[in-house]
Amino acid sequence: MSERSFVMIKPDGVAAGLTGEIVSRIERRGFEIIAMKKTTMARDAAESHYGEHSEKPFFGELVDFITSGPVVMMAVTGPEGTIAALRAMMGTTNPMESAPGTIRGDFATETGQNVIHGSDGLESAERELELHFTKV
Ligand SMILES: Nc1nc2c(ncn2[C@@H]2O[C@H](COP(=O)(O)OP(=O)(O)OP(=O)(O)O)[C@@H](O)[C@H]2O)c(=O)[nH]1
Ligand SMILES: [Mg+2]
């Protein structure tokens, strides 16, 4: 059984020149990037992407940030457990609590600018892949 996830290098990660480093980590781990594009997310797509957070006080800030510059979007596949393994590679939401060796633990200090996104489950992965790639 294979599994696919939606992974996105956020505007801060792209601006910091971390695209190659992050793509390399995903590839070297043994996952396959089956689609990839650099784009600036439209506001309506961002509001849909983060729809689960629409009632949160930081929602406006979150949408402003994620649409503030180019992101790099990827569809990533691997064996069962890939979604969780990618999340583990990313580290915790608050980078100050992320273990060294994780992407956030190595390259971020602020929750609101934490370099990378990864789907948190099978349903969100399929929803996000359809939203940003239509069909992959
Ligand atoms: N400014 C601010 N941003 C927050 C806060 N909590 C979460 N966020 C942002 O909202 C994003 C989505 O939150 P979650 O889905 O709970 O966290 P996550 O799954 O680790 O992060 P994503 O992969 O981006 O979805 C986080 O990555 C943060 O950038 C907060 O308290 N303040
Ligand atoms: Mg999330």
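Every read-out reported here was derived from the displayed coordinates using simple, explicitly stated rules and does not represent laboratory data. Because the structure is a prediction, the values reported are computed rather than measured. Heads up, the Cβs are rebuilt from the backbone with ideal geometry, glycines too, and the neighbour counts pull from every protein chain shown.
Distance between the modelled labels on residue 133 and residue 61, one decimal in nanometres: 3.2 nm (7 Å Cα→Cβ projection).
Taking label positions 7 Å along the Cα-Cβ direction at both residue 1 and residue 39, the computed distance is 3.0 nm, reported to one decimal.
FRET efficiency for the residue 54 to residue 93 pair, using the beta carbon distance and R₀ = 25 Å, is estimated at 0.90. Considering the chain as a Gaussian network with a 10 Å cut-off on Cα pairs, which listed residue, 91, 60, 69, attains the greatest mean-square fluctuation? In the Gaussian network model the winner is 60.
Residue exposure proxy: 28, 127, 4, ordered by other Cβ atoms within 10 angstrom of their Cβ from fewest to most, comes out as 28, 127, 4.
Of 63, 76, 115, the residue with the greatest mean-square motion in the GNM of the chain, using alpha carbon springs below 10 Å, is 63. The orientation-averaged shadow of the Cα convex hull for the chain, equal to a quarter of the hull surface, comes to 7.5 nm². A Cα-only calculation for the stretch 33-95 places Rg and Dmax at 13.6, 36 Å.
Which order results if 12, 106 are arranged by neighbouring Cβ count within 10 Å, fewest first?
106, 12
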